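To keep things clear, I will list the structure first and then write my remarks on it.
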């Protein structure tokens, strides 16, 4: 009985197939790219720019984060989860504005009109300062709460004025809402302790 030889498989094109598969997977695979926080830094003012206007102390809402990640709001210790409500209360205070000798109140504000708090949302400034030892997690959590406060106020105003959520408005109407509740967050240079 004669022994039959088994035919060999032609492997000449295997390298080509492997190369094509490699290119296919490289082209179709997406790589996750970590992106940073979207922040627009203020432009440097020109040398001949007029000095900034005087700001009343009651229109500044001080938020400080120390190196132990403790939050101090208006020099009182506060938990991050309470920050959003405190910020809304400050921004939406609707305190009296003096206009030619008579007091005018913010017509769309729903706050307590506390004379020791902000005059109106257009003058309310959030001053945020952290320590160089503050963790990013705490810093981002505080930032989120502050931005969320503005989002809630803008959404509420949009529903009241236009009957739609802020995100559903066209650009012109969003601009109107942003003018009523401008997001003014000032970040001071981190402290070194």
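A few comments on the model shown:
- Of all the numbered requirements in (1) in contact with a strand residue (DSSP E or B) (Cβ under 7 Å, 6 or more places away or on another chain); (2) loosely packed, with under 15 Cβ neighbours inside 10 Å, residue 172 misses one, and that requirement is (1).
- Exactly one residue out of 155, 116, 112 is at negative phi, in a loop (DSSP other than H, G, I, E, B) and in contact with a helix residue (DSSP H, G or I) (Cβ under 7 Å, 6 or more places away or on another chain), and it is 116.
- Residue tally, condition surrounded by 17 or more Cβ atoms within 10 Å (Cβ to Cβ) and closer than 17 Å to residue 90 by Cα, over region 126-142: 3
- Any hit, region 128-139, residues being touching a residue at least 24 places away in the same chain (Cβ under 8 Å), touching a strand residue (DSSP E or B) at 6+ places or on another chain (Cβ under 8 Å) and part of a helix (DSSP H, G or I): yes
- Among the candidates 159, 148, the residue that is surrounded by fewer than 18 Cβ atoms within 10 Å (Cβ to Cβ), out of contact with any strand residue (DSSP E or B) (no Cβ under 8 Å at 6 or more places or on another chain), more than 26 Å from residue 52 (Cβ to Cβ) and in contact (Cβ under 8 Å) with a residue 60 or more places away in the chain is uniquely 148.
Laboratory data are not the source of any read-out in this text; all were calculated from the coordinates shown. A quick note: this is a predicted structure, and the numbers were derived from the prediction, not measured. As a convention, Cβ positions derive from the backbone with ideal geometry for all residues, glycine included, and neighbour counts pool all protein chains shown.
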